[in-house]
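Structure first, then comments.
The values are calculated or read from the model by the stated rules, or taken from the named source; none is laboratory data. Just so it is clear, the model here is predicted, and its values are computed rather than measured. As a convention, Cβ positions derive from the backbone with ideal geometry for all residues, glycine included, and neighbour counts pool all protein chains shown. Quick note on the areas: whole protein, heavy atoms, side chains included, nothing else; ligands and nucleic acids left out. Shrake-Rupley method; radii C 1.70, N 1.55, O 1.52, S 1.80 Å.
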Amino acid sequence: MTGSLQILQKYWKYGSFRELQEEIIDSVLEKKDTFVLLPTSGGKSICYQVPGMQMEGICLVISPLIALIKDQVQNLQKRDIKAIALLGGISQNETIDLLDNCQFGNYKFLYLSPERLQQDWIIERLKQLPINLIAIDEAHCVSQWGHDFRPSYLKIKNLKIHFPKIPFLALTASATKRVQEDVIQNLALDNPAIFQKSFSRKNLAYHVIETEDKLYKVRQILTKNPQSSIIYVRNRKSCLELSHQLEAFGFTATYFHGGLPSKEKEHNMQLWLEDKAQVIVATNAFGMGIDKPDVKTVIHVQLPENLENYYQEAGRAGRNNEKAFAILLVSVGDVEIAKKQFLTSLPDKDFLKEIYIKLNNYFQIAYGEGFNEQFNFNLNQFCTQYNFPVLKTFNALQYLDRQGIITLQNEYSEKISLQFIIPSKEVIRYMSLNPKSEEIITTILRTYPGVFELDTLINISLIAKKAKTIEKEVLKVITDLEKNNNIHLIIQNNDSRITFNEIREDALTINRISKPLEKQNELKVNQLKSVIHYISKEKCKNKLLLEYFDEKIIENCGICSYCVSQKSTLDFETINKVVHFLEEKKATSREIQNSLDLTTEQTIFAIQTLLEKNKIDINTYNQYFLL
Ligand SMILES: [Zn+2]
């Protein structure tokens, strides 16, 4: 067996482990159940990927985030490591094939979403695999006190019965004491080794800045800190707007949100990673797997939903350990707006039911059907059709996702359907006038014979392949046809995909899952309260954040907006004292220091400030006097 370090060097090309990684790996290799809390997301996956490689057999990884699973599988494959993902939306036969591959193809990693564990036959198949380790990523999802509770995570515990000798490794980037205890209990971890890194980030200065002109403030911050930055905004629209505004001010800016086509996401991210754009304006969809060390500033333009997310997002600044800033901009009405938006957007049981039924109707799923069916989905269109409020609807869908009823995935796709509205004779004439389009049009007509009678869904890549051209050319021919009123064209953009994980059972389904809804809503209200507490002027921001994660510290950080403001109040008082003293008599710096009981630092600071402002001067006896 090769050592952990050799494996790290061979496949990951890193010279050494980061803090705690090696100890965690050793614990896993000793087959101990292990609980890991690494607050900044970087470096968690190494903790199971390295021992997974080191041991015979296959490592099972359970993760709720499909995007993260895809990202990790790709990453492993890039390193020539055999990894496979079992996600929703594929048929039972395909699933069986995949699992056969795992069993006979020497795969090292099998990723699956927790919903998959609800199917008994999958468990039966898993039992036939030589599993060496079960890693549970985002383990806080198993706790009702966590910010991201998913009941399907409770099923993981059953694996303990089937794999009593296999070590469990639970990983999370955020957990309070209560959540930690819950995780250990709900996963039935057996006397686990616990590894925990502090939430403290000494080089990160947390600032809450009140301003009535956020755009102006952003501009000021970016000018003062012309290094790499991330600006988080609430929605996709502000993403685009702010990025354009910043460009108009002369900054290099790009943007990122979940609804962008993947090529554009990749492109924009690359611009920022290569420092061709100083700023990336993003929604909270941005950040997964990003490890850019030299981010100087992370700015939040609106209040975050909870401090867990805020800590993660803000924590993307200063990974290189140089001084960095996490800035939250607040305007007077923000708290009221957040409360209002937030509280009105929490779905109740009736609303949840209505959304679920309408969602099924929307996709024409009959009662008792729909299992494993997958659809492209555009939230705005859905809301417009039924006159639903967008945010509340999104929250309801997210709840259905967390409960495992559906899987909601951000994935951009474009659906093109068309119908010819001129007779075929005229199409032939059009082709003779536009010979370049002939091959493509002929291919469309041959592939879709019904295209004169009906709106027909067109597969652009298929047409491009058949006509031996590229997709862009096909699109050009189609849009030209429309411009000339030859076809009726519908281009529909979808920004997500929905998979139905269960058959439609309307009230039965909703009654079963609605119990935790109230608790979740209550939790969300409390989370907002914590955010409001964080922006209060009460104490050191670093202290407030760490206390939220149940970490007690005594010292103020000295660099957050609270500490800095305290310091300047103190400085102001010192200066005043010195002025009053000099009103009485001339004095040397030593006399000032001794009489007023100041530190050398304070004395020098006060004298320098007063000299700079021309309030005092010095005579030949080295005495200061007021001007
Ligand atoms: Zn502080």
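Does Ser496 satisfy being open to solvent by less than 80 Å² (accessible area, probe 1.4 Å), within 35 Å of the chain's Cα centre (by Cα) and over 30 Å from Ile357 (Cβ atoms)? Before the answer, list the steps.
Details: open to solvent by less than 80 Å² (accessible area, probe 1.4 Å): yes; within 35 Å of the chain's Cα centre (by Cα): yes; over 30 Å from Ile357 (Cβ atoms): no.
Judged against the criteria, Ser496 is not a match.
Let's see how each residue does on (1) open to solvent by less than 10 Å² (accessible area, probe 1.4 Å); (2) of a type in the set (A, V, I, L, M); (3) farther than 30 Å from Lys157 by Cβ:
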site	(1), (2), (3)
Ala188	no, yes, no
Asn191	no, no, no
Glu212	no, no, yes
Ile221	no, yes, yes
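Can you confirm whether the range 229-249 contains a residue that is charged (D, E, K, R) and over 20 Å from the mean Cα position of the chain (by Cα)? Reasoning before the result, please.
We begin by selecting, within the range 229-249, every residue charged (D, E, K, R); these are 234, 236-237, 241, 247.
Among the residues that remain, those that are also over 20 Å from the mean Cα position of the chain (by Cα) are: 241, 247.
Yes - at least one qualifying residue is present in the range 229-249.
When every residue of the range 529-546 is checked against the conditions, at least one turns out to be open to solvent by 70 Å² or more (accessible area, probe 1.4 Å), more than 16 Å from the ligand (Cβ to nearest atom) and modelled with pLDDT of 90 or more.
Annotation note: of Ala205, Ala170, Ala193, Ala175, the sole residue that is modelled with pLDDT under 90 and in contact with a strand residue (DSSP E or B) (Cβ under 7 Å, 6 or more places away or on another chain) is Ala175.
Which of the residues that make up the range 338-368 are acidic (Asp, Glu) and either in contact with a Lys or Arg (Cβ under 6 Å, 6 or more places away or on another chain) or open to solvent by less than 30 Å² (accessible area, probe 1.4 Å) (or both)? Before you say what the answer is, go through the steps one by one.
Narrowing the range 338-368 to residues acidic (Asp, Glu): 348, 350, 354.
Residues satisfying the conditions do not exist here.
For the range 550-566, the set of residues classified as out of contact with any helix residue (DSSP H, G or I) (no Cβ under 8 Å at 6 or more places or on another chain) and more than 10 Å from the ligand (Cβ to nearest atom) consists of Glu551, Ile554, listed by residue number. Pairing each residue of the range 487-501 that is of a type in the set (D, E, K, R) with any residue that is open to solvent by less than 30 Å² (accessible area, probe 1.4 Å), provided the two are 6+ apart or on different chains, yields C-beta distances under 7 Å for Asp495/Gly258; Asp495/Gly259; Asp495/Asn378; Arg497/Phe377; Arg497/Gln409. Within the set Ser229, Ser200, Ser243, Ser262, the sole residue that is of a type in the set (S, T, N, Q), open to solvent by less than 40 Å² (accessible area, probe 1.4 Å) and either over 20 Å from Glu313 (Cα atoms) or modelled with pLDDT under 95 (or both) turns out to be Ser200.
Conditions tested, residue by residue: (1) crowded, with 22+ Cβ neighbours inside 10 Å; (2) more than 29 Å from the chain's Cα centre (by Cα); (3) part of a helix (DSSP H, G or I).
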{"residue": "Gly15", "(1), (2), (3)": "no, no, no"}
{"residue": "Glu19", "(1), (2), (3)": "no, no, no"}
{"residue": "Glu23", "(1), (2), (3)": "no, no, yes"}
{"residue": "Asp26", "(1), (2), (3)": "no, yes, yes"}
{"residue": "Thr40", "(1), (2), (3)": "no, no, no"}
{"residue": "Gly43", "(1), (2), (3)": "no, no, no"}
{"residue": "Tyr48", "(1), (2), (3)": "yes, no, yes"}
{"residue": "Pro51", "(1), (2), (3)": "yes, no, yes"}
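Only residues that are surrounded by fewer than 16 Cβ atoms within 10 Å (Cβ to Cβ) and not hydrophobic (A, V, I, L, M, F, W, C) were counted across the range 548-565, and they come to 5.
For the range 412-432, a residue qualifies if it is in contact with a helix residue (DSSP H, G or I) (Cβ under 8 Å, 6 or more places away or on another chain), in a strand (DSSP E or B), of a type outside the set (A, V, I, L, M) and open to solvent by less than 70 Å² (accessible area, probe 1.4 Å), and the qualifying residues are Gln419, Phe420.
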